[in-house]
Amino acid sequence: MNYSDSDLERALFNLPLEETPDGMRASILAHTVYHRHALPAIKTWEVWLIGGCLAAIAWLMVLVLREGFTPVISTLNSIGDVILYVVSQPSTVLWIAVGGAAAVWLSHLSPVIVPSKSGVRR
Amino acid sequence: MTSVAAAVMEAPLIDTATTVDDQTLVAETLAGRGEAFGTLVERYDRAVYHLAYRTLHDAEEARDVAQEAFFKAFRSLRTFRPGAKFSTWIFSIAYHACCDRLSRRKRYSSEELPDRADPGAGPEQEAIAGDDARRLRAAIARLPEKYRAVITLYHLQSRQYDEIAQVLEIPIGTVKTHLFRAKEQLRRMLNETATGDHNEL
């Protein structure tokens, strides 16, 4: 058979594509759209919280080891006094009550967000 | 339009006419809908692998190149120019990856030179006595790399010269010249094979 130009064209366009190897598509998807960075076991704010607690414990231990329990107890007492003084102020109590009420009220709302009409602004 | 061109239009190699166009899929992927990229992969993975395999003649390397091309496209999807064709972009990424591998091969061995025919090419050449498709594949495999790429893209891009020129980063005139010469060589090889088969009989 002598191949003419149109024979060749026909043969070229009838040539099927190579079959992809098994698992290639799955591998591509696994490394792209289904790829998630490994989440850290603890969140950033938790790291700060744990760090703060550890620092407070270390500070207390150093204080106890250096000067015994008496100064620790007096320090904790003074901190407690300050907190009690702040909380016992009528204005503080009022703001805490307002904040709490607002939080309770907001928690009972179920807002529905209506999308704008195809982004047309008037 | 010739009957061949009509047949191509009737049965495109890459099914893009079904539902959503590539531009929309890219936009949806950027908006966080991963499954849209999945559709793009489904649409082009076979064609990209085909291009890589035809260029490199190595199934493992072709697989690596096809995967890398999609990884790279996914990572740099934000740089994809609106109005451009996704197929041209992904073929371009894959073709450049192939060129890198070919130049690495050239550096480390003298087996494959991009601009010359490869008469000892792989198992496909052994299949010359087989059916027409196998014979044609074997003939394409024996073409010099630059002609092979043009023929493969001509096939994949449904004869769009400007798209082929963009992927290969060569002028349209050069695409046409390469295509003409590639077809000449293919026709000669196929006719020689056919004559050989006839004589054997």
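Calculated FRET efficiency, residue A:108 and residue A:62, Cβ-Cβ r, R0 41 Å, to nearest 0.05? The pair residue A:108/residue A:62 has a calculated efficiency of 0.30. Between residue A:31 and residue A:81, the modelled labels are 6.7 nm apart [label points 7 Å from Cα along Cα→Cβ]. Each of A:69, B:91, B:180, B:80 was scored by other Cβ atoms within 10 Å of its Cβ. Arranged with the fewest first, they read A:69, B:180, B:80, B:91. In terms of surrounding Cβ atoms within a 10 Å radius of their Cβ, B:162, B:64 rank from fewest to most as B:162, B:64.
Rule-based calculations on the coordinates, nothing more; no lab input. Keep in mind that what you see is a predicted model, and the values were worked out from it rather than measured. Note that we place each Cβ from the backbone using ideal geometry, even for glycine, and neighbour counts take in every protein chain shown.
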